[in-house]
Structures are given as structure tokens and as C-alpha cells.
1. Between A:Asp100 and A:His7, take the C-beta separation as r, use R0 = 30 Å, and let me know the FRET efficiency to the nearest 0.05.
2. Give the list, by residue number, of cysteines in the protein assembly as shown with no other Cys Cβ closer than 4.7 Å, or say none.
3. Could you tell me the largest-minus-smallest coordinate of the C-alpha atoms of segment B:1-70 on each of the three principal axes, in descending order and whole angstroms?
4. I need the semi-axes of the equivalent ellipsoid of the protein assembly as shown: take the C-alpha gyration tensor, multiply each eigenvalue by 5, square-root it, list largest first in whole angstrom.
5. Quick one: the Cα spread of chain A along its three principal axes, in angstroms, biggest first?
6. For Cα pairs less than 8 Å apart in space and 6+ apart in sequence, what is the mean separation divided by the residue count of chain B, i.e. the relative contact order in percent?
7. Would you mind ranking B:Arg69, A:Arg111, A:Arg97 by Cβ crowding within 10 Å, fewest neighbours first?
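Rule-based calculations on the coordinates, nothing more; no lab input. Only a predicted model underlies this, so the values are computations on that prediction, with no experimental measurement involved. All Cβ positions, glycine included, derive from the backbone under ideal geometry; neighbour counts span all protein chains shown.
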Amino acid sequence: GAVVSQHPSWVICKSGTSVKIECRSLDFQATTMFWYRQFPKQSLMLMATSNEGSKATYEQGVEKDKFLINHASLTLSTLTVTSAHPEDSSFYICSARAVDTDTQYFGPGTRLTVL
Amino acid sequence: AQSVTQPDIHITVSEGASLELRCNYSYGATPYLFWYVQSPGQGLQLLLKYFSGDTLVQGIKGFEAEFKRSQSSFNLRKPSVHWSDAAEYFCAVGANAGNKLTFGGGTRVLVKP
């Protein structure tokens, strides 16, 4: 079946540093990837839609300069949290939309803790 | 705007008993509906989905869901729960299978021995 990986699975960083999270579709091509954020004991909230070769589309209230998204290939999208602060601590989950089946597959998530 | 409501935040059920999780949605067009399960610290696993056709949908792990357009509901059921079913369950709606999803608040299921 289709597999989506995320790296790293967890990361701890100091306040003010930047953190990059990778989302890869391992056995399929994805022109579109989605980035979600999940705070503890809460639901998933869509942050942005990442399209290969073009600028990401951000949801209302999500700072595009803080959450940089790059979708450079059909199998890789990256989310960079710039100048991270403790309030950015969250579980970040990506999903990838398979080109051939038009189905969305979720990654295992990345837990970010900002000290 | 689309929205999903899961009225029950927590549900406790005894092992072997039946389980029903409620989901109500608001969507302007024909919805694509999904149920996902999330174990602690893990990503999402798709249990089942509904696009069209038979309104009773069978999924993995013995789960099923019934789409009721008149009630804007998509409730998830399992006849007999196992301890391994303890997890968080999310209902979601989207414009199509591969589009961005709007999730409900989730229902945490606890299974008593």
C-alpha cells in the first residue's frame, strides 16, 4: 500500500531556532501534499496545501513566513518552522495525494517541542 | 463552510460490547466522508470512507459506518470492541478523495476489560 514517511519523528529545539520537517511519499507520486497541526488532545487543523512546483496555499491565520513550505519534487514536501517558539510545539502531520488514485495518505507525524 | 461535529469527546465501553461513534457534518455539496483512527503519538489510519452508492460502508478492523443524508450523519459502529480499539477516532469531510479534509474534534474511546 501507499506509504508516507515523515522525518524526523520527533524533534526538540531551542526557542528561536528553525526546524525542518520532511514529508515523503515512498512508493507513489504526489502533486499535492497537505500539512496539518494537532495540538495535544485536539483535532487536526489544516495549515497549508503544498503543490509541486508552485507556492503553497495557506489557511487563514497561518503565517506563511513562519511556516515555510517547499514542494520541490513529486515525492517530497518540507515544512520549515522558522524562529520556533514554545507555542509552536505541536504534532505536525502531513498527507500526500496520490496522482494515480487521487487518494490521500497520511504520514506518522512529527512531534515538535520548542524549549 | 464545511464543518464536522463529533458530539462525544470520550466514550468508555467494555470489551466485547458494541460501539457507536457519532459524526454530524455540514457541507454544501455531496460530501466525501471518512473515519480515521489514531493511536497515541501515531499518525492516522483510514478505517473507511464513503463517496456514493450503498450508504452502509464496511471498513477495516470490523468497523462499519452508515451515511444518512437526511440527518447529515456518518456514524461509526463496531459490534464487539477489542482492547486494541482503544484510540482516538476522527470523522472528516472533504470535497473529494484527495482534497484537504476538515476534521471533527475527535472521540477518545476507552475500553474496559
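1. Working: r = 24 Å, r/R0 = 0.81.
With a Förster radius of 30 Å, E is 0.80.
2. Cysteines lacking a close Cβ partner in the protein assembly as shown: A:Cys13.
3. 37, 25, 23
4. Working: eigenvalues 178, 84, 49 Å².
Here the semi-axes work out to 30, 20, 16 Å.
5. Computed over the Cα atoms, the extents are 41, 26, 22 Å.
6. On the way: 287 pairs, mean separation 42.6, N = 113.
This gives 38 percent for chain B.
7. Values: B:Arg69 10, A:Arg111 15, A:Arg97 25.
Fewest-to-most ranking of B:Arg69, A:Arg111, A:Arg97: B:Arg69, A:Arg111, A:Arg97.
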